[in-house]
Amino acid sequence: MAESAQQARRRGGIYLDFQATTPLEPRALAAMMPYLTEKFGNPHSATHRFGWEGKAGVDVARKHIAALLNAAPEEITFLSGATEANNLALKGVLEAAPETRRRLLIAETEHACVRETAAYLATRGYEVTLLPVDGDGLLRLDALEAALDERVALVSVMLVNNEIGVIQPLAEVARLAHAAGALVHSDIAQAAGKIEVDVQALGLDLASISSHKLYGPKGIGAIYVRKGVRLAPQIHGGGQEAGLRSGTLAPFLCVGFGEAAKIARERLTDDQAHVAALWRQAVKALEQSGIEWRLNGSATQRYFGNLNVSFPGIDGARLLADLRGFAVSSGAACASSVGKTSYVLEALGVESRVAQATLRIGFGRTTTADDVTEMTAAILKAVKAQREASWRQ
Ligand SMILES: Cc1ncc(COP(=O)(O)O)c(C=O)c1O
């Protein structure tokens, strides 16, 4: 990586927020550089070498991203990120669907960009249903089955949850949805490059992917659209990307994204083993500490680069303040000052007084065992200090 864990630490703490974003792979950066200087051509200029050079870079990148997902390159469309991909998937499918299919089903634990797009569609006359999850954060397949009928156009369920890391039973979701004649979309932003994602084996019709979650540059993502699936473009213009997403592509971003996807595919097994070892180390330290804590989300059906834990009886804001040297997140969980807790934790049935003291800890390629030792020691110290203080009051 461009920066060692030690260097990052000197600059401002230990980075443990890999669900928010990841640092750029140096090899991806190196691949990008020529496209910012001499290879500056417009990839859509078909009449000269400058354009062909840009297009060649984009074509290679598209192949790498397709390979990561077991898709065909023509099924990959570049756009600005997973937010745009999710907007395009939901709006695009519903707008292109027959008049008789105006229903959209999403899991209640979807990312805000899926939930908000669904809420927007509801204002446009589409019928949106939020599907519940169980206490482990896994989609209730019985609820999906009950909600499906011949009016459903699309079912959208994410693969790995950004807050709690659980892996949804997508192949089962697809089987049920297809039996009802609906299409299936998945937000795979937190899964691609982290766990194996095979769009064909999962039976996906559409999938959204983000470059900066897999050690690529920010500002670019892609949508997988299975051959034969029709959706209405949301950005009109010069007809780039086979008319699905107009606008001049940025070859340097495509190339960086593609290189990062290629590296992620090569490293998938090693990366997974690395984060799983760190996860086990952190959980063991918490278990042996004697403090009260709770794991949010399934302990087994999960991506182990995510550890979401709550501390009952602890003030979440004070806990975060005590952990200033660590870049962790409250998992969008805690706005304790305004009494707002995470809708994801709420969906799991976590009480708000517990949810407000929640940490989302993300492990990644640059995380070391020492980082985990320091972090767990700091958590235990902060929790014990709070308990001690409240006992003496
Ligand atoms: C599950 C999920 N979907 C979508 C997004 C949005 O991705 P992007 O930053 O590429 O728009 C994120 C990132 O926060 C995410 O975690």
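All of the numbers you see were taken from the coordinates with simple rules; none came from a lab. Computed from a prediction, not measured in an experiment: that's the story for all the values here. Every residue, glycine as well, gets a Cβ built from its backbone with ideal geometry; the counts of neighbours run over all protein chains shown.
Numbers at a glance
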{"read-out": "Loop GluC sites (Glu not before Pro), the range 122-220, which have at most 12 other Cβ atoms in a 10 Å radius of their Cβ (DSSP)", "value": "150"}
{"read-out": "Amide H within-cut-off set for residue 363, under 5 Å, with H built and near neighbours excluded", "value": "18, 306, 307"}
{"read-out": "The chain: angle of helix 49-69 to the longest principal axis, Cα-based, in degrees nearest 10", "value": "50"}
{"read-out": "Beta bridges per DSSP with both ends in the chain, % antiparallel, nearest 5", "value": "55"}
{"read-out": "The chain: most fluctuating residue of 123, 248, 366 per GNM, C-alpha cutoff 10 Å", "value": "123"}
{"read-out": "With Cα atoms, 0 to 90° folded angle of helix 170-179 axis to the chain main axis", "value": "50"}
{"read-out": "Highest-fluctuation residue, 76, 188, 291 considered, GNM on the chain with Cα pairs under 10 Å", "value": "291"}
{"read-out": "Electrostatic dipole magnitude of the chain [Cβ: Lys, Arg +1; Asp, Glu -1; Cα centre; debye, to 20]", "value": "720"}
{"read-out": "Set 218/384; 262/340; 218/381; 340/384 screened for pairs whose C-alpha atoms are more than 31 Å apart", "value": "218/384; 262/340; 218/381"}
{"read-out": "The range 26-263: Rg to Rh, with Rh as the Kirkwood radius over Cα pairs", "value": "0.99"}
{"read-out": "GNM flexibility winner over the chain from 115, 318, 365 (Cα, springs under 10 Å)", "value": "318"}
{"read-out": "Alpha-carbon centroid distance for the pair the range 165-241 / the range 66-123, whole angstrom", "value": "8"}
